[in-house]
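For reference, the structure is listed below as structure tokens.
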Amino acid sequence: MKHLLKMLDLSKEEILDILNLADQLKYENKNGIEHHILKGKTLGMIFQKSSTRTRVSFETGMYQLGGQALFLSNRDLQIGRGEPVQDTARVLSRYLDGIMIRTFEQKEVEDLAKYGSIPVINGLTDFCHPCQVLADLMTIREFKGRFEGLKMCYIGDGNNMANSLIVGGLKVGMEVSIACPKDYQPAAEVLEFAKGYGDKFSMTDVPLEAAKDADVLFTDVWTSMGEEAETEKRKIAFKGYQINDDIMAVAKADAMVQHCLPAHREEEITEKVFEAHANEIFEEAENRLHAQKAVMVKVMGPQE
Ligand code: CP
Ligand code: NVA
């Protein structure tokens, strides 16, 4: 595994390998066992959008692995003034051992990987959020003990989270159902991928239908970063696309709830459901650290 650009690139075995290592690193972290596998290495972290979890978990994770991380904001980098990504990639490859990038277009991430000579990790694009979904899968397995036979349901915008959850959920063997408004469906490329899984994948615009008998419920913000100008329009389009008591009533009695955060109470999720499942949601946030450490070891560590 050279990069982590999108879930579509990973095989089921690669996903499970990352999750197994993440579990091990979490256990060792809790038990004071240190691993300086990335001693002397530097990860550059390019942020063209805001972040709390991604920045802090990558920076801390890199430190725990014995390396260091550099926060590179587009407000300071020449990339923010128009320096081509091809040149940025070739320059940074001469200083760094890996790049994490959070940006708008998926192509920018793919180009960094194409023109650079060091591993690239996608820290979120408009198309996908693979680091988040690896942490989500880790959390599901932690709470449910398996993937096979589970139904994952996502309610809301067919955005980067929806795209990555569909691919990740299906690849590890879950049934995946999506409820999103007709004008806000997941990417065509992802729907094409999901077609290959037959009736393991379903999509509707009725949240109650998608949530029926679900073991894990996901949602995400109605307005993602970069779409702020559409906020009011989206509040109307997504009305009803909410995880609330009615949704919980049709899901399995022991259904868990996940949210990548930040969450908007009383929009995509009620305060009541959020707080009732806060334990699972904040474990999910913690697992960003462990899952990303596993990814960094896989792409930047000693190659097998
Ligand atoms: N979930 C997530 O990626 O959070 P941040 O935007 O805070 O990094
Ligand atoms: N869909 C959200 C996820 C944030 C982690 C966004 O892109 O803003």
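Here, each number is a calculation from the coordinates, and none is a lab measurement. Everything numeric in this text was worked out from a predicted model, so none of it was measured. So basically every Cβ, Gly included, is an ideal-geometry build from the backbone, and we count neighbours across all protein chains shown.
Taking K and R as +1 and D and E as -1, what net charge do the other residues with C-beta under 14 Å from the C-beta of Met174 add up to? Provide the component values of the computation, followed by the final result.
On the way: positive: Lys12, Arg141, Lys144, Arg146, Lys151, Lys171, Lys200, Lys252; negative: Asp136, Glu148, Glu175, Asp199, Asp213, Asp215.
Overall, the nearby charge balance is +2.
Treat region 5-150 as a sphere of radius equal to its Kirkwood radius over Cα pairs and apply Stokes-Einstein at 37 °C in a medium of 0.692 mPa s; give the translational diffusion coefficient in µm²/s, rounded to a whole number. Mind showing how you got there, number by number?
On the way: Rh = 16.3 Å.
Taking Rh from Cα pairs, D becomes 201 µm²/s.
Mind pulling the angle between the C-alpha long axis of helix 278-300 and the longest principal axis of the chain? Nearest 10 degrees, somewhere in 0 to 90.
Once rounded, the angle reads 30 degrees.
Dimensions of the chain along principal axes (Cα, Å, largest first)?
Principal extents (largest minus smallest coordinate, Cα): 53, 44, 36 Å.
Once amide H atoms are placed 1.01 Å from N in the peptide plane, what residues at a sequence separation of 5 or more from Gly301, or on another chain, have their amide H within under 5 Å of its amide H?
The list, which skips near neighbours in sequence, is empty: none.
What FRET efficiency would be calculated for the residue pair Arg75, Lys212, taking the C-beta separation as r and a Förster radius of 51 Å, to the nearest 0.05?
Working: r = 46 Å, r/R0 = 0.90.
Between Arg75 and Lys212 the formula returns 0.65.
Could you give the length gained on full extension between Thr52 and Asn279, defined as 0.36 nm per residue of separation minus the Cα-Cα distance, in nm?
On the way: separation 227, 0.36 × 227 = 81.72 nm, distance 1.87 nm.
Once the chain is fully extended between Thr52 and Asn279, it gains 79.9 nm.
List the residues whose amide H sits under 5 Å from the amide H of Met100, counting only those 5 or more places along or on another chain, with H placed 1.01 Å from N in the peptide plane.
Those lying under 5 Å, H to H, from Met100 are Gly44, Met45, Ile46, Ile121.
Label points 7 Å out from Cα along the Cβ direction at Lys239 and Asp183: separation in nm?
Taking the two extended label points, one gets 1.4 nm.
Which value at 222 nm does the chain reach when only helices count, each DSSP H run of 4 or more adding -39,500 (n - 2.57), with the total divided by all residues and rounded to the nearest 500 deg cm²/dmol? Please list the in-between numbers first.
On the way: 12 runs with 131 residues, N = 304.
Taken over the chain, the calculation gives -13000 deg cm²/dmol.
Direction-averaged shadow area of the convex hull around the Cα atoms of region 164-304, nm²?
Values: hull surface 40.6 nm².
That works out to 10.1 nm².
From the phi angles alone, apply the Karplus equation (6.51, -1.76, 1.60; θ = phi - 60°) to region 213-224 and give each ³J(HN,Hα) in whole Hz, x where the residue is Gly or Pro.
With the stated coefficients, region 213-224 comes to 6, 6, 9, 9, 10, 10, 8, 8, 4, 6, 10, 7 Hz.
Once label points are set 7 Å from the Cα along Cα→Cβ at both Tyr63 and Asn20, what is their separation, rounded to one decimal in nm?
Here the modelled spin labels are 3.1 nm apart.
Over region 231-288, how many percent of alpha carbon pairs lie in each 10 Å bin up to the one with the longest distance?
Taking every Cα pair in region 231-288, the percentages come to 22, 51, 25, 2.
Once the Cβ-Cβ distance between Lys252 and Glu228 is put in as r, and R0 is 30 Å, what FRET efficiency do you end up with, to the nearest 0.05?
On the way: r = 36 Å, r/R0 = 1.19.
Between Lys252 and Glu228 the formula returns 0.25.
Could you let me know the centre-to-centre spacing of region 165-224 and region 50-100, using Cα atoms, in angstrom?
Rounded to whole Å, the Cα centres lie 32 Å apart.
Based on the mean of other Cβ atoms within 10 Å per residue, sort peptides 240-251, 23-34 so the most packed one is first.
Details: 240-251: 18.1, 23-34: 13.3.
Put in order of decreasing packing, that is 240-251, 23-34.
Putting +1 on Lys and Arg Cβ atoms and -1 on Asp and Glu Cβ atoms, find which of Gln64, Phe47, His36 reaches farthest to the positive end of the dipole of region 1-64.
Looking along the dipole axis, the top candidate is Phe47.
Want the number for Lys272 to Lys200: 0.36 nm per residue separation, take away the alpha-carbon distance, what's left?
Additional length available on full extension: 22.9 nm.
Give the peptides 216-222, 49-55 in descending order of average Cβ contacts within 10 Å, highest first. The partial results should precede the final answer.
Details: 216-222: 26.1, 49-55: 16.3.
Top to bottom by mean Cβ count within 10 Å: 216-222, 49-55.
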